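The block underneath contains the structure these notes are about, expressed in structure tokens.
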Amino acid sequence: MRSADRIFNTSRAPSIADITSWTFRGCNGYQPKFTEPIGNITVPVGREAIFTCYVHGLGGYRVGWVKADTKAIQAIHDHVITHNARVSVSHTDDSTWNLHIKNVQEEDRGQYMCQINTDPMISQMGYLDVVIPPDIIYEDTSGDVMVPEGGTVKLTCRAKGYPKPHVLWRREDGREIVIKDASSTKTKVTTYQGEVLRLTKVSRSEMGAYLCIGSNGVPPSVSKRITVSVHFHPVISSPSQLVGAPKGTEVKLECNVEAFPKSINYWVRESGDMVITSDKYQTNSTIKSIFEDQMVLTIKSVEKYDLGSYRCIAKNSLGEVESNIRLYEIRGLDSDEDDEIYDLSDLYPESYTETHHVHGGGGTGGGGGGVSENGVGDYRNRTKHRHHMDAYPPTPSPSTSTRLVPPFYRTIEYL
């Protein structure tokens, strides 16, 4: 039988047979035993793994460590045998023996055996599982995509790791993902499981950033942001196509635009002149979403010259649209009677009327002064009445005439 000194001095690596052949002077008939199992270890790649072997009554026997699947001896007692610089051993007295593996790599995964060179040899094993956090396989994963409205998008996300990661999709803005089947039945979900996300008959509301998230229980999870751009020609609308304001006041004209790619938005007078921001006019555009803008034209101190039509225009690479808004003057009750006043009675739930009383003629009952010699009534004596639609208006006599006057600061909205 060879001695331990001969094993350590040999030029070759010791084998399993060498371990089982260890004998030492001074060993008595008492046999050591293990007091606790080694146990299995799960360690993320790059961390340190420590196996501990608990022995009672070791005496003159020695402890060895072997990687069971490759039969590679790691260490014998205090001596490291493997050429792996990441492996080391330590012990506390003769009862606690440790095998250290630093910066654990995937190839370190497997069964490890703690042996004592008794006759017959005794041993116990523990399993080292090396887990790897997920990572996106970028060459197999979709990038940002563009699609026409009504088209189909296929988004793919692949992830690697150990255990194999699963992939989950969600929208960055928290809105629901719309899944449509072959019959166009819609299902809305906040998250979707699977490596492939298919969006069919895409609408502009589905535009935005989608996140594919890979996770396998090993932190940290990993994600990739994929932007879906839905292209469509501009659409424009105006909440009010007829806007009124008194002279000298400030008025705002508004248009709402939807377009992607983003449109160029501007205002034009009916003369064809573009409206430029100045002391008189101020143009603003407010971004409401990735594809929505609000256009506002502010006209300060409205004058007669400012009245008329204004066009809000939106243009992108797919098309051009416009909407027309007409600005008119709202006149006060003290306007001259021969000023032009629009008859807008069908647009107001409440209106003002002017009633002109014609006094009796000179030859029919006196009073005089009310009718001229040629029978034309004197309209200088006038009264104004305000009527509500829910009241019963007085029936005008044959000698009265009525006209409607728009109320102040009233904007007519054609919906």
With all protein chains present, the range 100-187 has a carbon and sulfur share of its accessible area (1.4 Å probe) in percent of 49
Stretched fully, the stretch from Val268 through Asn40 gains (0.36 nm per residue minus C-alpha distance, one decimal, in nm) 74.4 nm
Given a 1.4 Å probe, the accessible area of the range 86-235 per residue, as a whole number of Å², is 49
Using the Cα gyration tensor of the range 25-160, the equivalent ellipsoid's semi-axes, largest first and to the nearest Å, work out to 48, 13, 11
Accessible-area order for Phe291, Phe51, largest to smallest, probe 1.4 angstrom, reads Phe291, Phe51
Set Lys188/Lys224; Lys154/Lys188; Lys180/Lys201; Lys224/Lys262; Lys201/Lys224, cut-off 19 Å on Cα-Cα distance; pairs above it are Lys188/Lys224; Lys224/Lys262; Lys201/Lys224
Of the convex hull enclosing the alpha-carbon atoms of the range 147-248, the direction-averaged projected area in nm² is 10.9
The FRET efficiency for Asn98 and Tyr30, from their Cβ-Cβ distance with R0 = 25 Å and rounded to 0.05, is 0.55
Rounded to whole angstrom, the alpha-carbon centroid of the range 211-274 lies from that of the range 78-97 at a distance of 68
With all protein chains in place and a 1.4 Å probe, Arg109 shows an accessible area in Å² (nearest 10) of 50
Sorted by accessible surface (1.4 Å probe, heavy atoms of the protein chains only), largest first, Lys154, Lys224 come out as Lys154, Lys224
Counting only protein heavy atoms and leaving out ligands, DNA and RNA, the solvent-accessible surface of Glu48 at a 1.4 Å probe, in Å² to the nearest 10, equals 90
Rounded to the nearest 10 Å², the 1.4 Å probe accessible area of Glu195 is 50
Regression test value, accessible area per residue of the range 263-330, probe 1.4 Å, units Å², expected 52
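The values are calculated or read from the model by the stated rules, or taken from the named source; none is laboratory data. If you're wondering where the values come from, they're calculated on a predicted model, not measured in any experiment. When we count neighbours, we look across all protein chains shown, and the Cβ atoms used for this are built from the backbone with ideal geometry, even at glycine. For the accessible areas, the whole protein counts, side chains as well, though only heavy atoms, and no ligand, DNA or RNA atoms are used. Shrake-Rupley method; radii C 1.70, N 1.55, O 1.52, S 1.80 Å.
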